[in-house]
1. If I ask for residues that are under 25 Å from residue 205 (Cβ atoms) and either assigned to a strand (DSSP E or B) or open to solvent by less than 10 Å² (accessible area, probe 1.4 Å) (or both), which ones from segment 24-38 would you list?
2. Does residue 196 meet the test of being in contact (Cβ under 8 Å) with a residue 24 or more places away in the chain and touching a Pro at 6+ places or on another chain (Cβ under 9 Å)?
3. I'm trying to understand the selection: among the residues of segment 225-241, which are surrounded by 17 or more Cβ atoms within 10 Å (Cβ to Cβ) and either touching a helix residue (DSSP H, G or I) at 6+ places or on another chain (Cβ under 6 Å) or not in a helix (DSSP H, G or I) (or both)?
4. Looking at segment 208-219, which of its residues are part of a strand (DSSP E or B) and either open to solvent by 60 Å² or more (accessible area, probe 1.4 Å) or out of contact with any helix residue (DSSP H, G or I) (no Cβ under 7 Å at 6 or more places or on another chain) (or both)?
5. Run down 54, 62 and say which single residue is part of a loop (DSSP other than H, G, I, E, B), at negative phi, of a type in the set (Lys, Arg) and surrounded by fewer than 18 Cβ atoms within 10 Å (Cβ to Cβ).
6. Is at least one residue of segment 190-207 assigned to a strand (DSSP E or B), in contact with a strand residue (DSSP E or B) (Cβ under 8 Å, 6 or more places away or on another chain) and open to solvent by 10 Å² or more (accessible area, probe 1.4 Å)?
7. Return the pair list, or none, for Cβ contacts closer than 7 Å from residues in segment 71-90 that are closer than 20 Å to residue 144 by Cα to residues that are among the acidic types (Asp, Glu) and assigned to a strand (DSSP E or B), at least 6 apart or on different chains.
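The values are calculated or read from the model by the stated rules, or taken from the named source; none is laboratory data. Worth saying up front: this structure is predicted, and the values here are computed from it rather than measured. Cβ coordinates were reconstructed from backbone atoms using ideal geometry, including for glycine residues, and neighbour counts include every protein chain displayed. For accessibility, only protein heavy atoms count, side chains too; no ligands or nucleic acids. Shrake-Rupley method; radii C 1.70, N 1.55, O 1.52, S 1.80 Å.
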Amino acid sequence: MSCVLECEQLSLSRGGRRLCDELELPVATGECWGVLGLNGAGKTTLLHALAGLRAPDSGSIRIDGIPLPQWRRRELARVLGLMPQDSHDPFPATVLDTALAGRHPHLAPWRGESEEDYRLARAALAAVDLASMERRSAGTLSGGERRRLALATLLTQAPRLMLLDEPVNHLDLHHQIQLLEQVREQTRRGCAAIMVLHDLNLARRFCDRVLLLYGDGRWEAGGTAELMTAERLSELYGHPVATLQTEIGPAILPR
C-alpha cells in the first residue's frame, strides 16, 4: 500500500492551547482511520489542517509525497475531499445538482457536466437512498437526509483521500451503518479515509487504525484493537469504560 498522506512533526494549537504536538501520521491507501477525543480536543482543527484550510504551527503535511502548500486547490480537490460537520445551502439547488458539485474539480474550463458525470452523481445518490429525491430542493431535506447528500457529493467527487467530520451525525441506525459501509467500500477500492467519530463502537467496527487526541498535545496512533482498550479510552474521555464480548466482537460501554 502506498502512502497518500504523511504528517511529520505536525503541531497544532488553538486559543493558546496545544492540541497535538509533533504528530506523526502516515495514512496508506486502503486504510480507514478514526479520530477520537473529547469535544475541543482538536479533531476538527486537525481535519481542517489536513485539508489545507488551516496552517499548522509547525511540521509538514504531504499528499502523494508533495507538500500540501505546493498543491493548487483545483488539483488537490481531485485527490482530497472533505465532508464537514455541517452543510449549508446558500443558493437554491436540487439534490442532483448538489451531488453534481462534486464533479466540478474534474471539469475542463467552460465545460458542463457530461453524461458520465450525471451517471456518477445518480449512482452516489442511489448508494445513500436518495435516488428518488434528485429533483427536490436540497433545502427541504431533513438533517439526516442532508448528511447523506453530503456523502453522495463526496462520492461523486471520487477523491483518493476522504476526510469526514462526524459523518454519522443526525443519522438513524440503519443509515449510520449504510454510510460507514460506503466509506469502507471506497477504501477497499483503493481510497483512504480519516473520520472523526464519537461512537466508539462504530469506530471499533469500521476503522483499521485510530488516532487518539488527548487535548493537551498528547496523541497516540496505531491499530484499533491495540489502542481502543478500556484503560486508554477511560483516560481519553475522563470517564471509566468497560469492554464486553459479543457475538460480533467487543462492545465498549460507559461504566
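1. Result: 25, 26, 27, 28, 32, 33, 34, 35, 36, 37.
2. Yes.
3. Result: 228, 241.
4. Those that are part of a strand (DSSP E or B) and either open to solvent by 60 Å² or more (accessible area, probe 1.4 Å) or out of contact with any helix residue (DSSP H, G or I) (no Cβ under 7 Å at 6 or more places or on another chain) (or both): 209, 211, 217, 219.
5. Values: 62 fails: part of a loop (DSSP other than H, G, I, E, B).
After applying the criteria, what remains is 54.
6. Among the residues of segment 190-207, not one is assigned to a strand (DSSP E or B), in contact with a strand residue (DSSP E or B) (Cβ under 8 Å, 6 or more places away or on another chain) and open to solvent by 10 Å² or more (accessible area, probe 1.4 Å), which makes the answer no.
7. 83/165; 84/165; 85/165
Here is a yes/no grid of residues against (1) of a type in the set (S, T, N, Q); (2) out of contact with any Asp or Glu (no Cβ under 7 Å at 6 or more places or on another chain):
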position: 139; (1), (2): no, no
position: 161; (1), (2): no, yes
position: 181; (1), (2): no, yes
position: 201; (1), (2): yes, yes
position: 206; (1), (2): no, yes
position: 210; (1), (2): no, yes
position: 214; (1), (2): no, yes
position: 226; (1), (2): no, yes
